[in-house]
Amino acid sequence: MLSTKFFLVFGVLLVIFTCSKALYYPDLDEKEFDRVVDGSKPALVEFYAPWCGHCKNLAPEYERLGEAAKNVKDVIVAQVDADKHSNLAKRFGVQGFPTIKWFHKKVDKASAEDFSGSRTAEALADFIHQKLGRTNVIRLPKAEAHVVELNPENFDKIVLDPGKNVLVEFYAPWCGHCKALKPQYEKVAKAFKDSKDVVIAALDADTHRDIAQKYGISGFPTIKFFPATSKKQVVEYDLGRSAEDFVRFINSHAGTDLDVGGMPSSAASRIKALETPVREFIKSKGRNLEKAKVAVEEIIQSDSSIKGQLKENAKYYLKVMEKYAQSGEEYILKEIQRLENILKNEEGNITDAKRANFLRRLHILKSFLSNETEETST
């Protein structure tokens with residue numbers, strides 16, 4: 001017969017489990033939605049589509065809000081893949097993505113209220129607080145800060161440094177577009193946090209109007225790129241506002257080869273200008289090494305886009321060519337296997353810098369194989 005003590009302990013554990021149950025539901029289907037969002041608690045629900053660019057931009061901010069909501073019993077934060085569960089989206093009149101709706105007591109189309117504020121975790125939390133009539137219900141963890149904040153004291157020292165490529169956002173604290181850009185801009189800064197020659201920076205141009213006027217700032221946000229040259233011929237940034245857009249822009253102007261996660265990407269690490277001489281070199285089975293090296297070195301010297309990290313990558317092309325001339329495809333296959341084993345088996349034991357260099361080597365080594373395959377198939 002079970003003791004009274006057992007039932008007491010079991011009851012306490014049950015209460016703890018019930019009270020600590022997470023109220024963040026990142027992937028509700030139709031059945032779960034009706035069970036979770038039933039009017040017993042207010043709920044903030046994002047209806048998104050996996051292919052939607054704006055949804056991808058919002059994702060890290062909404063996840064940050066949701067993770068903070070795990071410790072809150074008073075409100076539900078949830079997400080619905082409205083592309084997969086289209087009937088549920090139609091039920092609440094969702095016509096575009098992302099759509100964020102607030103359900104207070106009644107869970108129907110007429111009672112749901114659309115959120116139309118800035119797409120940041122802070123703005124979403126403020127909206128919830130306003131609806132609940134209380135503050136600090138959701139306490140967001142402090143966001144990482146990799147963007148360098150500029151001011152009159154450090155602006156020239158950082159931005160005009162001839163050895164640094166500097167991307168500068170001129171913003172105003174009250175600007176809605178600036179607030180919406182903030183999480184994406186921070187992702188860019190995080191991607192380049194270990195870069196020795198790229199700085200992602202921002203200036204409060206409303207407060208520091210003299211600097212803003214000097215650079216012709218008339219709207220917010222305005223983004224300018226200051227290349228690593230002594231003349232600092234400023235380049236206006238006029239492309240998209242996603243982290244991926246910014247990273248591609250920096251790669252093309254600074255000779256970097258990163259993706260938005262801060263690691264080298266296959267496409268960016270490889271140098272298109274070297275593909276022709278490498279193809280000819282592979283075609284000769286490595287017999288024209290000296291001629292091929294001269295052709296590669298001439299391209300490295302004459303092509304202005306091969307700079308920064310890409311210049312280091314180009315040197316590795318020369319090293320691989322020498323090894324290929326000695327041992328053929330066998331060297332490349334063995335080296336690829338060695339590097340892949342290190343990345344797989346030593347995960348957590350190597351620094352990000354070493355991981356990045358290993359990935360660069362892998363991308364370039366595989367380009368030699370693809371060139372060989374290309375020749376074999378023609």
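The values are calculated or read from the model by the stated rules, or taken from the named source; none is laboratory data. Owing to the predicted nature of the structure, the values given are computational and were not obtained by experimental measurement. With ideal geometry, Cβ positions are generated from the backbone for all residues, glycine too; neighbour counts draw on all protein chains shown. Calculation scope for accessible area: heavy atoms of the full protein, side chains included, ligands and nucleic acids excluded. Shrake-Rupley method; radii C 1.70, N 1.55, O 1.52, S 1.80 Å.
At a glance:
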| quantity | calculated |
| --- | --- |
| Given (1) closer than 29 Å to residue 190 by Cβ; (2) open to solvent by less than 70 Å² (accessible area, probe 1.4 Å), index of the condition residue 94 fails | (1) |
| Pairs with Cβ under 6 Å, 6+ apart, first in segment 96-112 and in contact (Cβ under 8 Å) with a residue 60 or more places away in the chain, second aliphatic (A, V, I, L, M) and open to solvent by less than 30 Å² (accessible area, probe 1.4 Å) | 102/44; 103/37; 103/43; 103/112; 107/37 |
| Candidates 128, 200, 138, filtered to the one that is part of a loop (DSSP other than H, G, I, E, B) and open to solvent by less than 30 Å² (accessible area, probe 1.4 Å) | 138 |
| Output for segment 32-51, where each listed residue is assigned to a loop (DSSP other than H, G, I, E, B), open to solvent by 10 Å² or more (accessible area, probe 1.4 Å) and touching a residue at least 24 places away in the same chain (Cβ under 8 Å) | 38, 39, 41, 42, 50, 51 |
| Restricting segment 346-362 to residues that are at pLDDT 90 or above and farther than 21 Å from residue 193 by Cβ, the residue that is most open to solvent (accessible area, probe 1.4 Å) | 361 |
| Residues (over 27 Å from the mean Cα position of the chain (by Cα) and not in a helix (DSSP H, G or I)) located in segment 296-316 | 303, 304 |
| Qualifying positions in segment 217-244 - over 14 Å from residue 167 (Cα atoms), open to solvent by less than 60 Å² (accessible area, probe 1.4 Å) and without any contact (Cβ under 8 Å) to a residue 24 or more places away in the chain | 219, 240 |
| Flag if residue 80 is more than 15 Å from residue 104 (Cα to Cα), of a type outside the set (Gly, Ala, Ser), open to solvent by 10 Å² or more (accessible area, probe 1.4 Å) and not in a helix (DSSP H, G or I) | no |
| Filter result (closer than 13 Å to residue 274 by Cβ and open to solvent by 60 Å² or more (accessible area, probe 1.4 Å)) within segment 296-311 | 297, 298, 301, 302, 311 |
| Residue within segment 181-189 that is open to solvent by 40 Å² or more (accessible area, probe 1.4 Å) and modelled with pLDDT of 95 or more present | no |
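Residue-by-condition table, conditions (1) open to solvent by 30 Å² or more (accessible area, probe 1.4 Å); (2) at pLDDT below 90; (3) in contact with a strand residue (DSSP E or B) (Cβ under 8 Å, 6 or more places away or on another chain):
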{"site": "246", "(1), (2), (3)": "no, no, yes"}
{"site": "251", "(1), (2), (3)": "no, no, yes"}
{"site": "256", "(1), (2), (3)": "no, no, yes"}
{"site": "262", "(1), (2), (3)": "no, no, no"}
{"site": "267", "(1), (2), (3)": "yes, no, no"}
{"site": "272", "(1), (2), (3)": "yes, no, no"}
{"site": "281", "(1), (2), (3)": "no, no, no"}
{"site": "284", "(1), (2), (3)": "no, no, no"}
{"site": "289", "(1), (2), (3)": "yes, no, no"}
